[in-house]
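Novice: Structure provided below as structure tokens; questions to follow.
The values are calculated or read from the model by the stated rules, or taken from the named source; none is laboratory data. None of the values given here were measured: they were computed from a predicted structure. Heads up, the Cβs are rebuilt from the backbone with ideal geometry, glycines too, and the neighbour counts pull from every protein chain shown. In case anyone asks, the SASA skips ligands and DNA or RNA and just uses the protein heavy atoms, side chains included. Shrake-Rupley method; radii C 1.70, N 1.55, O 1.52, S 1.80 Å.
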Amino acid sequence: MKQTRCKICVAGAVQGVGFRPFVYNLAARLALTGSVTNTSEGVQIEVQGDGAGLERFKKAVISECPPPAEPVITGVEAVEPIDNENLFVIRDSRPEGKRELSITPDTATCAACLAELNDPADRRYQYPFINCTHCGPRYTIINDIPYDRPNTTMREFTQCTRCQSEYDDPGDRRFHAQPNACPACGPHVWLADAGGKSLDADKPIKQAIEFLQAGKILAIKGLGGFHLAVRADNDEAVAELRKRKYRKAKSFAIMVRDIETARQFAHVDKTAQELLTGKERPIVLCRKRPDSPLSTLVAPSSRFWGIMLPYTPLHTLLMQGDYPGLVMTSGNQTDEPIESDNNSSREKLGGIADFFLMHNRGIYTSCDDSVLRVFQSEPLMLRRARGYVPTPVILARKGRGDILALGAELKNTVTFVKDNKAFVSQHIGDLGTTVVYESFVRTVEKLGALIGARPQIIACDLHPAMLSTRFAQTYEDIQLVRVQHHHAHIAAVMGEHNLEGPVIGLAVDGIGYGSDGTIWGGELLYVWPDRIERKGHLQQIPMPGGDVASLEPWRMAVSCLIKTFGSPKGVTLANELITDIPSANINAVAVMIIKNINSPLCSSLGRFFDAVSALLGICRENTYEAQAAIELENSAAPDEHNAYPVEIETRDDIKILLIEPVMQALVKDLHSGLGRGIIAAKAHNFVVEGLTQLATELSQETLCKTVALSGGVFQNEIILSRLVDTLERKGLSVYFNRKLPVNDGCISFGQAVVADTLIRKKSGV
Ligand code: ZN
Ligand code: ZN
Ligand code: FE
């Protein structure tokens, strides 16, 4: 029979996911010969046989491919047949070729591995590092491409003969599973005391479970770093963890055994269930049930439990303990990145944990747990890290050159664009501390190397003093693009949804440096996306003390009252209404405002919510970002649909949404003794109606019917759901961030989208 041969190039998620064994078995089934090889760009297949067989192969290689592999054929080329070839082989990886990241994210333990984990007859029975080509660590253990064992932290472990023969057998589930290991040859766990000294425990996991049952705090090394764990139904233990971690009120995530347990504590809809049990295994925010046995101290100011299911064999084993769930919060010191190194964790977590459950599989790249919630039956990303990174966001068109975008100051991420793919890094954190900044620099270096990106443009924020901006300036001979914060927010939505623009942008959040030097955060923008026009904003008010006002919401309450009622009436009202802050402090802040001392103007919606929250006595100190706004949302009466008055004044062609009429009505309500749930709801409804009116007015002027929403305020469910609803009822198409966080986690991506548009325009595409 006439032989034909072709070379097929495959990209996408094809390395470390069992793709080559699948190709091997497929070729064997169709009696074809040839080879399959990992390359730096993906996988290259050469396949030979009769024409019909080759056609079936090409179809089946996509249609029959098992998850989590996601192959994309990027090229097929006929080549000369090779005489007397009679085998199909899997070749060793070749490092040459254009480097392109095809590393997949870390994946939760698969069903086949779980079955072995629980099978007393299996040689990996209860082995906490069981994995195969379909599951296990990937991104967190790799240091270079291609994805082969010597480039991972598993290079320290030489496989025993039995593991090696699995690794070498193309028919085996562990064929070329880089982290393959067993109790005889692989990593192991051990227990240590708070000082890091190893304990003599021959069953460390069993012992760890006993400690946890007794209410002890354990630092547990996992996949992307350490967790601090404590049983979630023990008030004292949870309170102790809060005390030692200096964490007053911010919610802790919990891990529960299975989806049935999750249902006992929380409302889990179909989408939430898919997220909880999917291969990414993020934390999913699920509405609390009233009768749960969990300690209220786990999430004191939230209507949600942040729930996740076990995603490593070690977690599965730990969840066999006699507790309804474990608090599993990132193992770090306040404002620092998650710990992933054994030595440094001893130093940093030794003062928090009673014991350590350590292991010796190294972590090259630390990764926090991802966080999502469900909005209108679809996932909404809140923190993107483990399980999702480094899966790229696909852009509509091929970029002209590589781009690096450095992100925002808070909730920082960085983004590399290469070809049509945007690689958004894992959540890095707030750049304020040296250790987070170092983690930011490491991420830029490591992710850039893994992708093989050579940035021609670097995008950063407009703020001149930001650490990321200064970092950008250390690159010489590379074009620098400075992107305004809220511009980046809206561009991120455009990039995610392939919107060409112009669009109407509503960018509302806590703080972003504006192009006029003031602080923005309640913005109506018209966006192309390579440029913006500011068309409107929330009325500006002074922010006494600058950044300090973000921590002390009552300062914004004083500011709003003085803006509305002037001095001395506003000051008198502040002293009357803000009861738990000493008069001296209130008066000192009033002087700052009146004399314009260190009180920059801001149009931030986040700060407006701070003011309302403080006036209602709900929250006068933010112990974590946006606490006042979150607690205000939680207290809002759900059925109240009245709103404070929306008045828009146009000055110099810019629409100003006024705060003064709101404050007048709100103070009246306070004096008449109206319930604070009603007042909170009326403030929310004012924001919804105000933003709706701003957007519809601009739509009438521009005839643009597309609205993009972005910014941390849209994490507020009342605002997002009601605004989407009212805008859609006005006939507008509404888009917002879904795959990326709506908060500042999307900023680096948005900056990259702006830079990409600029390059394309410049090169005339
Ligand atoms: Zn597996
Ligand atoms: Zn072994
Ligand atoms: Fe923002």
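Novice: When Gly731 is evaluated against the numbered criteria (1) open to solvent by 10 Å² or more (accessible area, probe 1.4 Å); (2) closer than 22 Å to Asp530 by Cα, which criterion, by number, is the only one it fails?
Specialist: Unmet for Gly731, out of (1) open to solvent by 10 Å² or more (accessible area, probe 1.4 Å); (2) closer than 22 Å to Asp530 by Cα: (2).
One line per residue, one yes/no per condition, for (1) over 22 Å from Arg287 (Cβ atoms); (2) within 16 Å of ligand 3 (Cβ to nearest atom):
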{"residue": "Leu698", "(1), (2)": "yes, no"}
{"residue": "Thr702", "(1), (2)": "yes, no"}
{"residue": "Thr706", "(1), (2)": "yes, no"}
{"residue": "Gly711", "(1), (2)": "yes, yes"}
{"residue": "Phe714", "(1), (2)": "no, yes"}
{"residue": "Arg729", "(1), (2)": "yes, no"}
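Novice: Given Lys221, Lys248, which one is among the basic types (Lys, Arg) and crowded, with 16+ Cβ neighbours inside 10 Å? Let's see the steps before the verdict.
Specialist: Values: Lys248 fails: crowded, with 16+ Cβ neighbours inside 10 Å.
Lys221 is the lone residue from the list that is among the basic types (Lys, Arg) and crowded, with 16+ Cβ neighbours inside 10 Å.
Novice: Mind listing whichever residues of region 458-480 are open to solvent by less than 10 Å² (accessible area, probe 1.4 Å) and either at pLDDT below 95 or of a type in the set (S, T, N, Q) (or both)?
Specialist: Going residue by residue through region 458-480, those that are open to solvent by less than 10 Å² (accessible area, probe 1.4 Å) are 458-461, 468-469, 472.
Listed by number, the residues that qualify are Ser468, Thr469, Ala472.
Novice: Separate question: Only one of (1) assigned to a strand (DSSP E or B); (2) open to solvent by 20 Å² or more (accessible area, probe 1.4 Å) fails for Ile307. Which number is that?
Specialist: Among (1) assigned to a strand (DSSP E or B); (2) open to solvent by 20 Å² or more (accessible area, probe 1.4 Å), Ile307 violates only (2).
Novice: Is it the case that Glu533 is open to solvent by 10 Å² or more (accessible area, probe 1.4 Å) and of a type in the set (Asp, Glu)? Walk me through it before giving the result.
Specialist: Working: open to solvent by 10 Å² or more (accessible area, probe 1.4 Å): yes; of a type in the set (Asp, Glu): yes.
Yes.
Novice: Shifting gears a bit: Looking at region 548-595, which of its residues are assigned to a loop (DSSP other than H, G, I, E, B), open to solvent by 50 Å² or more (accessible area, probe 1.4 Å) and free of Cβ contacts under 8 Å to residues at least 12 places away in the same chain? Write out each step before concluding.
Specialist: From region 548-595, those assigned to a loop (DSSP other than H, G, I, E, B) are 552, 566-568, 578-582, 595; that's our starting set.
Those still in the list that are open to solvent by 50 Å² or more (accessible area, probe 1.4 Å) too: 552, 567-568, 579-580, 582, 595.
Residues satisfying the conditions are Pro568, Pro582, Lys595.
Novice: Go through Asp369, Asp354, Asp335, Asp322 for me and flag whichever is in contact (Cβ under 8 Å) with a residue 40 or more places away in the chain and touching a Gly at 6+ places or on another chain (Cβ under 7 Å).
Specialist: Details: Asp369 fails: touching a Gly at 6+ places or on another chain (Cβ under 7 Å); Asp354 fails: touching a Gly at 6+ places or on another chain (Cβ under 7 Å); Asp322 fails: touching a Gly at 6+ places or on another chain (Cβ under 7 Å).
Checking each option against the conditions leaves just Asp335.
Novice: Which condition number in (1) over 30 Å from the mean Cα position of the chain (by Cα); (2) within 16 Å of ligand 1 (Cβ to nearest atom); (3) hydrophobic (A, V, I, L, M, F, W, C) is the one that Trp190 fails?
Specialist: (2)
Novice: Now, a different point. Would it be correct to say that Cys182 is within 16 Å of ligand 1 (Cβ to nearest atom), in contact with a strand residue (DSSP E or B) (Cβ under 6 Å, 6 or more places away or on another chain) and open to solvent by less than 30 Å² (accessible area, probe 1.4 Å)?
Specialist: Numbers: within 16 Å of ligand 1 (Cβ to nearest atom): yes; in contact with a strand residue (DSSP E or B) (Cβ under 6 Å, 6 or more places away or on another chain): no; open to solvent by less than 30 Å² (accessible area, probe 1.4 Å): yes.
No; evaluated as a whole, the condition is false for this residue.
Novice: Within region 329-411, which strands (runs of 3 or more DSSP E) (wholly inside it) include 2 or more residues that are among the charged types (D, E, K, R)?
Specialist: Working: elements: 355-359, 371-375, 378-383, 402-405.
Because the criterion is at least 2 residues that are among the charged types (D, E, K, R), the strands (runs of 3 or more DSSP E) in region 329-411 that meet it are 378-383.
Listed here are the residues, each with its yes/no results for (1) touching a residue at least 12 places away in the same chain (Cβ under 8 Å); (2) open to solvent by 10 Å² or more (accessible area, probe 1.4 Å); (3) more than 20 Å from Gln164 (Cα to Cα); (4) within 15 Å of ligand 1 (Cβ to nearest atom).
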site	(1), (2), (3), (4)
Cys110	yes, yes, yes, yes
Arg124	yes, no, no, yes
Thr133	yes, no, no, yes
Asp148	yes, yes, no, no
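Novice: Can you tell me how many residues within region 665-682 are closer than 13 Å to Arg722 by Cβ and either in contact with a Phe, Trp or Tyr (Cβ under 6 Å, 6 or more places away or on another chain) or open to solvent by 30 Å² or more (accessible area, probe 1.4 Å) (or both)? Don't jump to the end; show me each part of the working.
Specialist: Initially, region 665-682 is screened for residues closer than 13 Å to Arg722 by Cβ, giving 681-682.
Checking the rest, the ones that are also either in contact with a Phe, Trp or Tyr (Cβ under 6 Å, 6 or more places away or on another chain) or open to solvent by 30 Å² or more (accessible area, probe 1.4 Å) (or both) come to 682.
Adding up the residues that qualify gives 1.
Novice: Residue under question is Ala177, and the condition is that it be of a type in the set (A, V, I, L, M), touching a residue at least 12 places away in the same chain (Cβ under 8 Å), within 16 Å of ligand 2 (Cβ to nearest atom) and open to solvent by 60 Å² or more (accessible area, probe 1.4 Å); does it hold? So that I can check it myself, show each step before the final result.
Specialist: Values: of a type in the set (A, V, I, L, M): yes; touching a residue at least 12 places away in the same chain (Cβ under 8 Å): yes; within 16 Å of ligand 2 (Cβ to nearest atom): yes; open to solvent by 60 Å² or more (accessible area, probe 1.4 Å): no.
No.
Novice: Sticking with this structure for a sec: Do the conditions hold for Glu633, that is, is it assigned to a loop (DSSP other than H, G, I, E, B), over 17 Å from Val558 (Cα atoms) and open to solvent by 10 Å² or more (accessible area, probe 1.4 Å)?
Specialist: Values: assigned to a loop (DSSP other than H, G, I, E, B): no; over 17 Å from Val558 (Cα atoms): yes; open to solvent by 10 Å² or more (accessible area, probe 1.4 Å): yes.
In short, no.
Novice: Now a separate question. Take Arg123 and tell me if it is of a type in the set (Lys, Arg) and either modelled with pLDDT under 95 or away from ligand 2 (no atom under 15 Å from the Cβ) (or both).
Specialist: So Arg123 does not fit the description; no.
Novice: Scan region 103-117 for residues that are out of contact with any strand residue (DSSP E or B) (no Cβ under 8 Å at 6 or more places or on another chain), farther than 14 Å from Leu314 by Cβ and away from ligand 2 (no atom under 16 Å from the Cβ) and jot them down.
Specialist: The initial filter retains those residues of region 103-117 that are out of contact with any strand residue (DSSP E or B) (no Cβ under 8 Å at 6 or more places or on another chain), namely 105, 111, 114-117.
Then keep just the ones that are farther than 14 Å from Leu314 by Cβ; that gives 105, 111, 115-116.
Passing the criteria: Pro105, Ala111, Ala115.
Novice: Just the residues that are touching a strand residue (DSSP E or B) at 6+ places or on another chain (Cβ under 7 Å), farther than 27 Å from Leu382 by Cβ and not aliphatic (A, V, I, L, M), please, taken from region 678-721.
Specialist: The answer is Gln693, Glu697, Ser699, Thr702, Cys704, Lys705.
Novice: If I go through region 265-301 residue by residue, how many of them are at pLDDT below 95, open to solvent by 30 Å² or more (accessible area, probe 1.4 Å) and of a type outside the set (D, E, K, R)?
Specialist: The qualifying residues number 3.
Novice: Quick one: would you say Gly42 is touching a strand residue (DSSP E or B) at 6+ places or on another chain (Cβ under 9 Å), surrounded by 14 or more Cβ atoms within 10 Å (Cβ to Cβ) and modelled with pLDDT of 90 or more? Can you show your working first?
Specialist: On the way: touching a strand residue (DSSP E or B) at 6+ places or on another chain (Cβ under 9 Å): yes; surrounded by 14 or more Cβ atoms within 10 Å (Cβ to Cβ): yes; modelled with pLDDT of 90 or more: no.
The answer is no for Gly42.
Novice: Tell me, please, whether a residue that is within 15 Å of ligand 1 (Cβ to nearest atom), part of a loop (DSSP other than H, G, I, E, B) and modelled with pLDDT under 95 can be found in region 150-173.
Specialist: Scanning region 150-173, I find at least one residue that is within 15 Å of ligand 1 (Cβ to nearest atom), part of a loop (DSSP other than H, G, I, E, B) and modelled with pLDDT under 95, so the answer is yes.
Novice: Quick one: in region 112-122, which of the residues that are without any contact (Cβ under 8 Å) to a residue 40 or more places away in the chain, within 20 Å of Cys185 (Cβ to Cβ) and out of contact with any Lys or Arg (no Cβ under 7 Å at 6 or more places or on another chain) is farthest from ligand 3 (Cβ to nearest atom)?
Specialist: At the first step, the residues of region 112-122 found to be without any contact (Cβ under 8 Å) to a residue 40 or more places away in the chain are 115-116, 118-122.
With the extra rule that they be within 20 Å of Cys185 (Cβ to Cβ), the set shrinks to 116, 119, 121-122.
Now narrow it down to the ones that are out of contact with any Lys or Arg (no Cβ under 7 Å at 6 or more places or on another chain): 119, 121-122.
On the way: Asp119: 49, Ala121: 55, Asp122: 50 Å.
Per the stated criteria, the residue is Ala121.
Novice: If you don't mind, another one. Identify, from the list Val754, Val707, Val713, the residue that is under 26 Å from the mean Cα position of the chain (by Cα), among the aliphatic types (A, V, I, L, M) and over 18 Å from Asp509 (Cα atoms). Let's see the steps before the verdict.
Specialist: Working: Val707 fails: over 18 Å from Asp509 (Cα atoms); Val713 fails: over 18 Å from Asp509 (Cα atoms).
One residue alone meets the criteria, Val754.
Novice: Kindly provide the set of residues from region 537-587 that are farther than 23 Å from Gly521 by Cβ, modelled with pLDDT of 95 or more and acidic (Asp, Glu), ordered by number.
Specialist: Glu576
Novice: Considering every residue within region 374-388, establish whether at least one is surrounded by 21 or more Cβ atoms within 10 Å (Cβ to Cβ), over 30 Å from Val724 (Cα atoms) and either free of Cβ contacts under 8 Å to residues at least 24 places away in the same chain or under 24 Å from the mean Cα position of the chain (by Cα) (or both).
Specialist: No, region 374-388 contains no residue that is surrounded by 21 or more Cβ atoms within 10 Å (Cβ to Cβ), over 30 Å from Val724 (Cα atoms) and either free of Cβ contacts under 8 Å to residues at least 24 places away in the same chain or under 24 Å from the mean Cα position of the chain (by Cα) (or both).
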